[in-house]
Amino acid sequence: MAFFGLIFDCLKFPFKSLKNFLKSIVYIAVTTYLFFSLLVIGDYIKRQYGSFNKLFCGYGVSDKLKKSVVRIVGGNMEGSGFFISENQVLTNFHVIDGEPSPKIIFPDGKFITSTKIIGDKDADLALLFIEGSYPDLVYPLPEKLSFSDNEPVISAGYAMGTDIKGDATIVRGNFVDYRTSKYSPVGYIQTNISLVEGMSGGPLVDQCGSLVGVNTMGLAGLSLFIGATDVSTLFPNFTDQEIVKIEVDPSISPEDAVEAFYTYLKARRMQDGFNLLSKKYLEKTNFEEWTARFTNILDVEIYISERYGNTRDTAFVKFSTKNWVDGEVENHFYEGTWKTVKEDGVYKMLQSKIKEVFEPEWDWFYN
């Protein structure tokens, strides 16, 4: 009864006097203003953070992405990647397709070569194994995904690849929908982010920095990301069957030996390359001095390796290198001859006459 009495008193209050009536109008106006202000604030928080429990967790997310996302550089493609364990880097398969030894470039400029690659081409996912351990850079795969309408998400990757120097690009957008197709082994997160070339393989995270997807494809104002939960599901299907292998045989001929020599440099298999130096050549160098000549080489592409004229021991070669210098790629082009000698059943490098070719014309690559 007391409750109903209180309600009755409140209803009578405005009509006791003009002063009470005016006060009531002010109280109602303030209450209405506060009510709708809270609705606006709640809507803003939902649009900006996804939910109230993500309101205070966004600090440092962009900084970690810039410190953790890596470049993936091969001979024909470039992209981005990120660690899902302390020695495994995830990227898109199309980033490493046709490349047996992609390089992983860290934000500080250091680069390493993967020791093993497995993947699923249909899912467009590849996993690169490395030596060493980087636990501080890991983005663990989630067990499940859930999104609210228009929830904010953040994508990171190296836009335009090595054509642009500096940190990874951080792009913010919003979740739009989750897409599946019977023709695809993975589901896709659709956002309003515009991915560009070079960002493929980078991570998509939520407002709190938790992994939710993998950058995959984009058009203006629309991009698709492989759902991170599908990665764990597909791991058992990852193989190296569709990964290009290094197949060389320096015992066949001088030109095959030269091709093997530069292929080992490309793959950073320095000991194998050093083993193709002849005894005579080794009189003027050692492993430390020789490897120091090639510390900044990201990639080697061989255009021609063929028998030189009527010789039996010399090969003519044309090749180019990608050198990583001060955070940028420098391209160099070379041609010349390698004289070889057969030792222990293998043709080995004896004497080189290699010169650099500056700004070669288009036909240099084919003639």
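In nm, give the distance between the simple-model label positions of residue 361 and residue 146, each being 7 Å from the Cα along the Cα-to-Cβ direction.
Inter-label distance under the simple model: 6.7 nm.
Would you please state the base-10 log of I(q)/I(0) at q = 0.13, 0.15, 0.18 1/Å for the stretch 254-365, with intensities from the Debye formula using one equal scatterer on every alpha carbon?
With no solvent term, the Cα-only Debye profile gives -0.49, -0.65, -0.94.
Okay, helix-only estimate at 222 nm for the chain: each DSSP H run of n ≥ 4 adds -39500 (n - 2.57), divide by all residues, round to 500 deg cm²/dmol; what do you get? Let's see the in-between values first.
Values: 8 runs with 86 residues, N = 367.
Mean residue ellipticity, 222 nm, calculated: -7000 deg cm²/dmol.
Could you sort 168-177, 201-210, 120-129, 344-353 so that the peptide with the highest average Cβ count within 10 Å comes first and the rest follow in order? Walk me through the intermediate numbers first.
Working: 168-177: 18.7, 201-210: 24.1, 120-129: 20.9, 344-353: 16.3.
Order by mean packing, descending: 201-210, 120-129, 168-177, 344-353.
For residue 106 and residue 87 in the same chain, what is the full-extension length gain: residue separation times 0.36 nm, less their Cα-Cα distance, in nm?
On the way: separation 19, 0.36 × 19 = 6.84 nm, distance 1.32 nm.
Additional length available on full extension: 5.5 nm.
Quick one: grab Rg to one decimal and Dmax as a whole number for the stretch 129-171, Cα atoms only, in Å.
My reading of the Cα-based Rg and Dmax gives 14.9, 41 Å.
So what is the orientation-averaged projected area of the stretch 328-367, using the convex hull of its C-alpha atoms, in nm²? Please list the in-between numbers first.
Details: hull surface 18.4 nm².
Mean shadow area of the hull around the Cα atoms is 4.6 nm².
What's the exposure ranking of 103, 322, going from fewest to most Cβ atoms within 10 Å? Provide the component values of the computation, followed by the final result.
Values: 103 25, 322 20.
Going from least to most buried by this count: 322, 103.
Using the per-residue mean of other Cβ atoms lying within 10 Å as a proxy for protection, in what order, highest first, do the peptides 214-227, 245-258, 324-337 fall? Intermediate results must be reported in sequence, preceding the final value.
On the way: 214-227: 20.2, 245-258: 17.8, 324-337: 14.9.
Per-residue mean Cβ counts within 10 Å order the peptides as 214-227, 245-258, 324-337.
Could you give the radius of gyration (one decimal) and Dmax (whole number) of the Cα atoms in the stretch 53-178, in Å?
In Å, with Rg to one decimal and Dmax whole: 15.1, 44.
On the first, second and third principal axes, largest extent first, how far apart are the outermost C-alpha atoms of the stretch 111-216 in Å?
Sorted largest first, the three principal extents are 40, 33, 26 Å.
If I take the Cα coordinates of the chain and project them onto the principal axes, what are the three extents in Å, biggest first?
118, 40, 37
Whose amide H sits under 5 Å from the amide H of residue 191, counting only residues 5 or more places off or on another chain, with H placed in the peptide plane?
176, 223
Which whole-Hz ³J(HN,Hα) couplings does the stretch 133-149 yield from phi under the Karplus relation 6.51 cos²θ - 1.76 cosθ + 1.60, θ = phi - 60°, glycine and proline marked x?
9, 10, x, 6, 9, 6, 10, x, 6, x, 7, 8, 10, 8, 10, 9, 4
How much length is gained if the chain between residue 180 and residue 312 is pulled fully straight, taking 0.36 nm per residue apart and subtracting their Cα-Cα distance, in nm to one decimal? List each step's numbers first, then the result.
Numbers: separation 132, 0.36 × 132 = 47.52 nm, distance 5.93 nm.
Result: 41.6 nm gained on full extension.
Magnitude of the Cβ-charge dipole of the chain, K/R +1 and D/E -1, about the Cα centre, nearest 20 debye? Before the final figure, lay out each step's value.
Working: 37 positive and 47 negative charges, 332 e Å.
The calculated dipole for the chain is roughly 1600 debye.
Normalised radius of gyration for the stretch 135-286, please: alpha carbon Rg relative to 2.2 N^0.38 Å, two decimal places. Numbers along the way, then the final one.
Details: Rg = 21.9 Å, N = 152, 2.2 N^0.38 = 14.8 Å.
Scaled against compact globular proteins, the figure is 1.48.
Give the Rg/Rh ratio for the stretch 167-234, taking Rg as the radius of gyration of the Cα atoms and Rh as the Kirkwood radius, to two decimals.
Numbers: Rg = 11.4 Å, Rh = 12.1 Å.
For the stretch 167-234, the value is 0.94.
What residues have an amide H closer than 5 Å to that of residue 160, excluding those fewer than 5 places away on the same chain, when H is modeled at 1.01 Å from N in the peptide plane?
197, 198, 199
Readers should treat all values here as calculations from the given coordinates under stated rules, not as data from a laboratory. What you see is a predicted model, and the numbers here were worked out from it, not measured in a lab. All Cβ positions, glycine included, derive from the backbone under ideal geometry; neighbour counts span all protein chains shown.
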